[in-house]
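Right, one structure below, let's go through it.
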Ligand code: NDP
């Protein structure tokens with residue numbers, strides 16, 4: 001039976017270190033959070049981020065902009081935050097109104113204040129193994145892997161999902177550790193090859209958003225399984241991996257909820273502290 005890889009105790013430990021780092025800063029750090037319009041999902045993220053910030057001694061400055069904000073007006077607003085020396089990090093809450101292109105907008109955030117690690121300059125640093133501000137979900141997955149103590153060198157690693165916030169940055173981070181990385185995606189599934197890749201994974205990371213995509217009996221005996229997926233069913237939240245079958249075979253497995261999720265916001269705070277230290 002697999003050991004559970006829970007995010008919360010790990011997040012608490014990391015937060016203890018962050019509190020000390022914040023206390024050592026000359027000025028209280030500030031996280032500016034931009035929310036355009038009203039959205040229940042974004043409001044829930046804002047609540048959990050502001051609670052995490054408060055607990056660490058970080059000022060969470062919520063910037064509410066009206067739903068009809070134009071792209072040009074948002075860029076102008078970001079430029080002001082870039083120039084504001086009291087602001088150490090900037091995050092743009094999703095979803096944005098349809099008329100605003102997130103990829104375009106996020107490139108206007110100063111790379112030094114890009115605490116989501118999505119500015120092209122920071123992604124470039126990731127490619128060279130020099131990134132300090134790492135996309136939060138990918139960083140959370142790396143923390144969970146580190147917690148198992150496994151040696152990544154030559155480890156047969158399969159990532160399912162190639163999004164820009166999870167699968168792609170993880171592939172780069174794991175290559176840096178000399179893992180042997182295969183990235184699967186919709187093309188792999190359509191070619192009928194997902195199962196064969198998953199079956200040989202010693203380290204399996206799944207970030208798709210489809211409940212039950214990975215069958216429990218596909219999981220290799222003794223594998224480490226990190227399930228990033230979040231799927232809201234009628235009565236519960238589940239990941240992308242069939243948990244009951246998988247936990248019988250894996251050595252370590254993340255629960256959903258309670259695995260990657262609790263660590264992601266902590267990684268955002270770690271990036272903010274990293275940015276504030278570099279700026280001060
Ligand atoms: P995206 O929708 O951006 O990416 C999903 C990926 O899965 C894409 O690469 C897609 O490929 C691939 N995919 C879709 N269907 C299949 C399939 N049948 N077989 C193989 N691959 C497939 O999602 P995100 O990366 O943003 O998020 C993924 C999941 O992780 C979601 O459930 C999300 O809620 C969760 N999540 C959890 C976080 C946490 O903190 N715990 C944080 C971020 C995300 P293609 O693009 O080619 O179709």
The Rg/Rh figure for the stretch 17-142, Cα atoms and Kirkwood Rh, to two decimals is 0.95
So how tilted is helix 7-23 from the main axis of the chain? Cα-based, degrees 0 to 90, rounded to 10. 30
What fraction, in whole percent, of alpha-carbon pairs in the chain exceed 27 Å separation? 41
Gain on full stretching of the segment that runs from residue 8 to residue 189 - 0.36 nm per residue minus C-alpha separation: 61.9 nm
Multiply the residue separation of residue 199 and residue 68 by 0.36 nm, subtract the distance between their alpha-carbon atoms, and state the gained length in nm to one decimal. 42.3 nm
Give me the extension gain from residue 234 to residue 82: residue separation times 0.36 nm, minus the current Cα-Cα distance, reported in nm with one decimal. 50.5 nm
Helix 71-83 sits off the longest principal axis of the Cα atoms of the chain, rounded to the nearest 10 on a 0 to 90 degree scale, by 80
Given the options 52, 234, 179, state which has the largest fluctuation in a GNM of the chain using a 10 Å cut-off (strictly under) for Cα springs. 234
Helix 40-56 sits off the longest principal axis of the Cα atoms of the chain, rounded to the nearest 10 on a 0 to 90 degree scale, by 80
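Since every read-out is calculated from the coordinates, none of them should be taken as a lab result. A quick note: this is a predicted structure, and the numbers were derived from the prediction, not measured.
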